[in-house]
Amino acid sequence: MLYKRVISGLVFLPVFYLVGWVLPPLYFTALVLAAAAVGQYEFYRMAQARGGHPLFAPGMAFGALIVLEFYSPLFPAMGSFFPVAAGLLLIMAARLFSSRPVDGALDDIASTALGVFYVAMLFAFQVAIRTGVDGKQWFVFLYFIIWASDIGAYAIGLPFGKRRLFEKVSPKKSIEGFLGALVASAGMALLCRVWFMPPLGMGEAVLIALLLAVVGTIGDLAESLLKRATGVKDSGGLIPGHGGILDRMDSMLFAAPVLYYYLRMR
């Protein structure tokens with residue numbers, strides 16, 4: 001399992017560097033569109049596992065609209081809520097005129113909409129960060145912190161984890177692993193400050209890293225909650241050693257909007 005994770009990471013790093021740092025934001029937006037579509041597909045398959053019937057096509061079209069809106073407003077004269085209103089109308093109309101019976105309509109609509117907001121919208125905050133001021137630096141900082149958090153939790157939690165962190169949804173996560181994630185994230189923040197973010201103060205760098213590690217852990221647990229509720233082990237099998245897109249990006253889904261709004265208030 002570990003060697004698969006290492007190989008997956010080595011394959012992903014050049015793509016990450018090229019699309020996230022070298023190429024213009026449009027290319028990264030295209031990557032996020034693809035990742036969000038895969039993530040929504042995984043989410044809807046999870047909903048199907050518990051007997052639901054989410055609306056794949058309308059939901060994924062709505063999700064793509066949300067991602068593009070974060071890159072550049074498609075209908076600026078309509079206001080920021082236009083794609084949300086249009087998407088919800090699309091989903092409800094699609095379910096209304098579908099061939100499925102009335103029973104289960106609420107669950108179908110709710111799971112479809114949740115797939116949009118939980119997956120596509122939270123994914124799209126990465127686009128907002130990348131297109132913002134010093135977007136490349138903050139985008140890479142975000143990824144490095146989350147990666148360090150995951151590595152710290154794994155490296156400390158596996159050999160030393162004794163006390164369960166939140167056993168009802170994730171029996172393997174430990175308090176010791178969580179502390180390892182915090183320490184690794186703080187250390188990575190200081191390294192990032194030296195490498196490519198010198199204007200960032202040491203104290204602020206560590207503070208942001210700890211905040212992202214905490215909300216990233218909550219994001220991980222939230223996806224575990226959904227998987228346990230639907231009875232699946234992994235959201236998919238796209239990434240060897242990691243599972244699906246949601247399994248790999250669960251922490252990022254929570255961390256990206258927190259960093260975005262932190263930067264807005266900074």
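The values are calculated or read from the model by the stated rules, or taken from the named source; none is laboratory data. This one's a predicted model, so the numbers in the text were calculated from it and none came from an experiment. Cβ placement follows ideal geometry from the backbone for every residue including glycine, while neighbour counts extend to all protein chains displayed.
In the condition set (1) at positive phi; (2) touching a Leu at 6+ places or on another chain (Cβ under 6 Å), ALA255 is compliant with all but (1).
Going by the structure shown, is ARG45 charged (D, E, K, R) and out of contact with any Gly (no Cβ under 9 Å at 6 or more places or on another chain)?
When the stated conditions are applied, ARG45 does not pass them.
Taken residue by residue, the stretch 160-181 has at least one member that is of a type in the set (Asp, Glu) and within 24 Å of ASP247 (Cβ to Cβ). Among the residues of the stretch 172-217, those identified as without any contact (Cβ under 8 Å) to a residue 40 or more places away in the chain and in contact with a strand residue (DSSP E or B) (Cβ under 6 Å, 6 or more places away or on another chain) are SER174, ILE175, PHE178. Listed by position, the helices (runs of 4 or more DSSP H) enclosed by the stretch 1-82 that each have at least 3 residues that are modelled with pLDDT under 95 and in contact with a helix residue (DSSP H, G or I) (Cβ under 7 Å, 6 or more places away or on another chain) are 25-49, 56-71.
Sort out which residues of the stretch 222-231 are aliphatic (A, V, I, L, M) and surrounded by fewer than 18 Cβ atoms within 10 Å (Cβ to Cβ), and write them in order of number. Step through it out loud before you land on a result.
Pass one, the stretch 222-231, residues aliphatic (A, V, I, L, M): 222, 225-226, 229.
Once the filter is applied, which keeps residues that are aliphatic (A, V, I, L, M) and surrounded by fewer than 18 Cβ atoms within 10 Å (Cβ to Cβ), the stretch 222-231 yields ALA222, LEU225, ALA229.
Would you check if there is a residue in the stretch 216-232 being on the phi > 0 side of the Ramachandran plot, within 19 Å of the chain's Cα centre (by Cα) and outside any helix (DSSP H, G or I)? No, because not a single residue in the stretch 216-232 is on the phi > 0 side of the Ramachandran plot, within 19 Å of the chain's Cα centre (by Cα) and outside any helix (DSSP H, G or I).
Filtering the stretch 142-200 to residues that are polar (S, T, N, Q) and over 17 Å from GLU223 (Cβ atoms) leaves SER174, SER185. Could you go through the stretch 150-170 and let me know if any residue there is within 18 Å of ILE208 (Cβ to Cβ) and either in contact with a Pro (Cβ under 6 Å, 6 or more places away or on another chain) or hydroxyl-bearing (Ser, Thr, Tyr) (or both). Checking the stretch 150-170: not a single residue is within 18 Å of ILE208 (Cβ to Cβ) and either in contact with a Pro (Cβ under 6 Å, 6 or more places away or on another chain) or hydroxyl-bearing (Ser, Thr, Tyr) (or both). Please find, within the stretch 88-143, the residue that is surrounded by the most Cβ atoms within 10 Å (Cβ to Cβ) out of those that are part of a helix (DSSP H, G or I) and hydroxyl-bearing (Ser, Thr, Tyr). That would be THR112.
Looking at PHE43, PHE28, PHE70, just one residue is buried (at least 18 other Cβ atoms within 10 Å of the Cβ) and touching a Leu at 6+ places or on another chain (Cβ under 8 Å), and that residue is PHE43.
Cβ separations smaller than 6 Å between residues 6+ apart or across chains give the following pairs from the stretch 127-145 residues that are farther than 15 Å from ARG193 by Cβ to residues that are basic (Lys, Arg): PHE139/ARG130.
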